[in-house]
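Visitor: Structure below; questions to follow.
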Amino acid sequence: MTISADPIDLDELDLRILGQMQADSSLTNQDLAQRVHASAPTCLRRVRRLVDEGVIEKQVAIVNPAKVGSTLTAIIEITLDVQAAEHLDAFEAHMADEPAVLQCYRVSPGPDFIIVAQVADMPAYHAMAHRVFTSQANVRNVRSFFSVHRSKFDTRIALPAKPGPAKPPAS
């Protein structure tokens with residue numbers, strides 16, 4: 001996914017809507033409108049615009065990995081043999097097709113990619129690593145780190161603060 005370099009102009013209502021939706025996207029439009037102090041039709045129009053303009057990419061349920069037996073989080077550094085654009089793009093496409101890969105970042109300097117993967121256990125990681133990394137001729141180096149404790153996980157993006165109305169000068 002490419003992040004647009006051109007941010008969308010968001011007003012205070014947009015930011016309140018985004019703040020509430022990042023905390024709980026299951027709110028009904030009526031509940032959301034009440035929380036952001038807007039009418040339901042206005043709120044619905046704003047949410048649709050935020051979706052249409054790509055500000056809201058998707059609305060999902062966050063699943064507790066331990067509750068579904070996926071307890072091993074791997075943070076993986078990948079270095080490719082050839083870093084030509086078509087090879088980088090091919091690797092990213094391969095990562096997009098792998099269900100165990102949650103996040104894939106092209107980084108600089110250092111390795112070419114940082115991958116975050118979630119699997120059941122070490123045998124599942126080994127199978128995934130072989131299938132996804134070592135079977136690819138262009139992967140030169142794989143360096144993996146395994147989480148022993150997750151102290152923070154959040155999906156919220158810090159939203160910009162909008163300045164309030166200008167205060168009159170003190171006399």
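The values are calculated or read from the model by the stated rules, or taken from the named source; none is laboratory data. Given the structure is predicted, the values throughout are model-derived calculations rather than measurements. Please note: Cβ atoms are built from the backbone with ideal geometry, for glycine as well, and neighbour counts cover all protein chains shown. Just the protein is used for accessible areas: all its heavy atoms, side chains included, with ligands, DNA and RNA removed. Shrake-Rupley method; radii C 1.70, N 1.55, O 1.52, S 1.80 Å.
Visitor: When the residues of segment 76-116 are narrowed to those that are open to solvent by less than 60 Å² (accessible area, probe 1.4 Å) and β-branched (Val, Ile, Thr), which ends up nearest to Lys152 (Cα to Cα)?
Guide: Among residues in segment 76-116 that are open to solvent by less than 60 Å² (accessible area, probe 1.4 Å) and β-branched (Val, Ile, Thr), the one nearest to Lys152 (Cα to Cα) is Val116.
Visitor: Separate question: Kindly state which strands (runs of 3 or more DSSP E) lie completely within segment 77-171 and contain at least 3 residues that are within 20 Å of Val63 (Cα to Cα).
Guide: 101-106, 113-119
Visitor: Another question, if that's okay. Being under 20 Å from the mean Cα position of the chain (by Cα) and among the aliphatic types (A, V, I, L, M) narrows it down to one of Ala137, Ala100, so name that one.
Guide: Working: Ala137 fails: under 20 Å from the mean Cα position of the chain (by Cα).
Result: Ala100 is the single residue among Ala137, Ala100 that is under 20 Å from the mean Cα position of the chain (by Cα) and among the aliphatic types (A, V, I, L, M).
Visitor: Would you mind stating whether Val51 is surrounded by 12 or more Cβ atoms within 10 Å (Cβ to Cβ), free of Cβ contacts under 8 Å to residues at least 60 places away in the same chain, on the phi < 0 side of the Ramachandran plot and β-branched (Val, Ile, Thr)?
Guide: yes
Every residue, every condition in (1) of a type outside the set (A, V, I, L, M); (2) under 30 Å from Pro123 (Cβ atoms), yes or no:
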position: Leu50; (1), (2): no, no
position: Val68; (1), (2): no, yes
position: Thr73; (1), (2): yes, yes
position: Leu80; (1), (2): no, yes
position: Gln83; (1), (2): yes, no
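Visitor: Which pairs have Cβ atoms under 7 Å, sit 6 or more apart or on different chains, and link a residue in segment 80-104 that is touching a residue at least 12 places away in the same chain (Cβ under 8 Å) to one that is part of a strand (DSSP E or B) and of a type in the set (Gly, Ala, Ser)?
Guide: The qualifying pairs are Ala100/Ala117; Val101/Ala117; Leu102/Ala117.
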